[in-house]
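Worksheet for the structure shown next.
The values are calculated or read from the model by the stated rules, or taken from the named source; none is laboratory data. Computed from a predicted structure; not experimentally measured. Methodologically, a virtual Cβ is constructed for each residue, glycine included, from the backbone with ideal geometry; neighbour enumeration extends over all protein chains shown. All accessible areas refer to the heavy atoms of the entire protein, side chains included, with ligands and DNA or RNA removed. Shrake-Rupley method; radii C 1.70, N 1.55, O 1.52, S 1.80 Å.
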Amino acid sequence: MDIQTLYLIVPLAPLFGAICAGLFGKWLGRKMSHRITIAMVGLSLYAAVKIFLDVMDGHSFDGPVYTWFNSGGTSFHVGFLIDRLTAVMMLVVTSVSLMVHIYTIGYMEEDDGYQRFFSYISLFTFSMLMLVMANNFMQLFFGWEAVGLVSYLLIGFWYKRPTAIYANLKAFLVNRVGDFGFILGIGLVLMVFGTLNYADVFANVAAHADDIAPIGGMHVNMITAICILLFIGAMGKSAQFPLHVWLPDSMEGPTPISALIHAATMVTAGIFMVSRMSPMFELSDTALSFVMIIGAITALFMGFLGIIQNDIKRVIAYSTLSQLGYMTVALGASAYSVAIFHLMTHAFFKALLFLGAGSVIMGMHHDQDIRNMGGLRKYMPITWITSLIGSLALIGTPFFSGFYSKDSIIEAVEYSHLPGSGFAYFAVVAGVFITAFYSFRMYFLVFHGEERFGKAHAHDEHPSTSSGHTVAADAQAHDAHDSHADAHDDYAEEDEHEHHGLAPGQKPHETPWVVWLPLVLLAIPSVVIGYIAVEPMLFGNYFKEAIYIAEHHEALAHMNAEFNGAFDMAFHSLLSLPFFLALAGVASSWFFYMKRPDIPAAIQKRFQWIYTLLDNKYYFDRFNDWFFAGGARGASTFLSRFGDKVLIDGLLVNGSANLVGKISGIVRRFQSGYIYHYAFTMITGVFVLLTIRNWF
């Protein structure tokens, strides 16, 4: 099989599986549907591995597959760019997707939409592969919008839940905001360069470095405008402040899609895109500073929100937001290879954490509240050890995969001299403690301490709880849970994954092998992939042909000069500030939630206004509901009442009819049928005409 055939197999195999399960799943049945889709994703992974090995041998490809259409001298075609950046992304997407497909067999076993779900996740894999393999902006935009569409379908998979419908609509609308900026950026690329092919654009970008954007009254560099507009698209897809609000609510979808969307695919599309566009971003320090500051805000302030979450999936969701902020900061520091390196390591350990959370939820009979858990270590040993590995990788424990990439980001930002780098360095360093604190808060409350399951809302019965909530806060959460449950009563029969929880006396259980096997397989790269990849990706020239870095952006050069390899980096970190902050975060969470659970409750009571601010997610959702949603509703009401009823119906439609009626009523009086009336009218008319003629 020649290599170009493998290029086609990588995206088309998952598409074939999606078509089979989606259109013919009813006749194929459950087993055949999941066998076909898993086999096709497995085939895609096999082809991706072969392509990766070929790329490592020094081969690459950049060319069209077929021409879609020609318009105004511009050719729009589907084409592939296969280089080392693409090869890494293909491996990450296909490997994590395969684990999610296998995991789904157990997790969605009792769901009526079994075949539909497999179709969606295979279609999502196809869309993401088309995005990362694109060699032009048109195909990039196709993949960009396709992953947004399929994510809408996946987040609202349980479409009879009002909360799921709200969440997928929210994700869709917020992403449209970012995509508006994205398509404007692509439009400017076409206007300036006359082509949408990456190679042609990058070859001529230096010639347009001093072009001024035609914006009235403003002096804006054209490349800066293009980069910022493209990054606005990344802010939507990669959930960066202030377009981050959709991602936590997307936890309404089934757990497998949380791993697929939020670990390896959709949310990393923006990171990949900016890295691919490095020849343009390197010409604009303004754009890089903008990227860095947005990433720093996201990394720090989204981490704070993870501290107070009690839904196990939402804790991990805010962790994803924070880690995406880290990647974005690395992009702003011109450390693109570090951002991609963290993207890769994060994909494995974050998929592991999401799937581990799903395993816990299954073992708890779909109770997601960590306040109802505790002591699960002895009941779910495989889930426990794999979740511990994922948590250690997430907080950057030395010799785990997340350590190499996360510490590299901190080092790169420290060496950056762009405006905003000081704040970014503070944010990523402070984020180390915060990440360790909320990650192990979740870990300790779920797997250690008192067994709180099998007790109906045990956290409502005591003045203080192990999670640090007061009775009032817990009662409010309890009421919210009740109203949530009431909203779903009508759908209980259709939705097998409603939040039931363990009955009194019932014990958790380890999940089936199809669920824990992907956890074990993801745990392996979560430990070793960082050590394997750190030297070629950070200290070598692995991305030399795919990523461009300007000479005056020296962060990576300083890192290469300071460290002599993976072990040197690891041992150096044992005496560094981030290591001690991570250790302090773990120790603090253990002390607060295992030894002195009264302290978090006291802190919350003392700083109730801070807790209220965090509990309301900085009021972004309320502001958006009031300003944007409320403003849209208000504008619609005004247009309906004034524009439609008064202006159109009242003035134009009915008003014109009334005017014609009144004129007709006057004219009708002259149609009397008497000759002398007509003669008088004729004489009057002649008199008027003669008068006008004589006067003018």
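Sorted into 5 angstrom bins from 0, the C-alpha pair distances of the stretch 540-678 split as 2, 7, 6, 6, 6, 6, 6, 7, 9, 7, 5, 4, 4, 4, 4, 3, 3, 3, 2, 2, 2, 2, 1, 0 percent. Taking square-rooted eigenvalues a ≥ b ≥ c of the alpha carbon gyration tensor, is the stretch 164-321 rounded, prolate or oblate, where a/c under 1.5 means rounded and, failing that, a/b exceeding b/c means prolate? Note, shape of the stretch 164-321 comes out prolate. Reducing the stretch 237-291 and the stretch 367-425 to their Cα centroids gives an inter-centroid distance of 18 Å.
Let me make sure I get this right: for the stretch 131-187, a, b and c are the square roots of the gyration tensor eigenvalues over alpha carbons, sorted descending. Under 1.5 in a/c it's rounded, otherwise prolate if a/b > b/c, else oblate. Which is it? Here the stretch 131-187 falls in the oblate category. Taking the stretch 100-183, which chymotrypsin sites (Phe, Trp or Tyr not before Pro) meet the DSSP loop condition and have no more than 11 other C-beta atoms within 10 Å? Filter output for the stretch 100-183: empty list. In summary, the lysines within cross-link reach of Lys350, defined as a Cα separation below 26 angstrom excluding same-chain residues under 8 places away, comprise Lys50, Lys170, Lys237, Lys313, Lys378, Lys406, Lys617. For the pair the stretch 102-176 / the stretch 39-61, the C-alpha centres are spaced 24 Å from each other. Seen from Glu252, the other residues with C-beta closer than 11 Å to its C-beta sum to a net charge of +2, counting Lys and Arg as +1 and Asp and Glu as -1. The region of the chain that goes longest without hitting one of the trypsin sites (Lys or Arg not before Pro) in a DSSP loop, each with at most 15 other Cβ atoms within 10 Å, is 161-454.
Going by accessible surface with a 1.4 Å probe and the largest first, Met682, Met89 read Met682, Met89.
Here the gap between Glu535 and Ala213, fully extended at 0.36 nm per residue and compared with their Cα-Cα distance, gives a gain of 111.8 nm. Projecting the Cα atoms of Ser636, Met373, Gly303 onto the charge dipole of the chain, computed from C-beta unit charges around the Cα centre, puts Ser636 farthest toward the positive end. Computed extension gain for Ala584 through Ser656, at 0.36 nm per residue and net of the alpha carbon distance, reaches 18.3 nm. Taking a ≥ b ≥ c as the square roots of the eigenvalues of the Cα gyration tensor, the stretch 233-282 is classed as oblate, since a/c reaches at least 1.5 and a/b does not exceed b/c. Hydrodynamic estimate: the Kirkwood radius of the chain over Cα pairs, inserted into Stokes-Einstein at 25 °C and 0.890 mPa s, corresponds to D of 90 µm²/s. Think of the stretch 207-300 as a dipole: +1 on every Lys or Arg Cβ, -1 on every Asp or Glu Cβ, centred on the Cα centre; then among Ala207, Pro254, Val220, Pro254 lies furthest on the positive end.
Considering helices alone, the calculated mean residue ellipticity of the chain at 222 nm is -21500 deg cm²/dmol, with DSSP H runs of length four and up weighted by -39500 (n - 2.57) and normalised per residue. Within the chain, the longest run free of exposed loop sites, counting GluC sites (Glu not before Pro) that sit outside DSSP helix and strand states (H, G, I, E, B) and have at most 13 other Cβ atoms within 10 Å, spans 111-449. Estimated from the Cβ-Cβ distance and a Förster radius of 51 angstrom, the FRET efficiency linking Lys378 and Ser640 is about 0.25.
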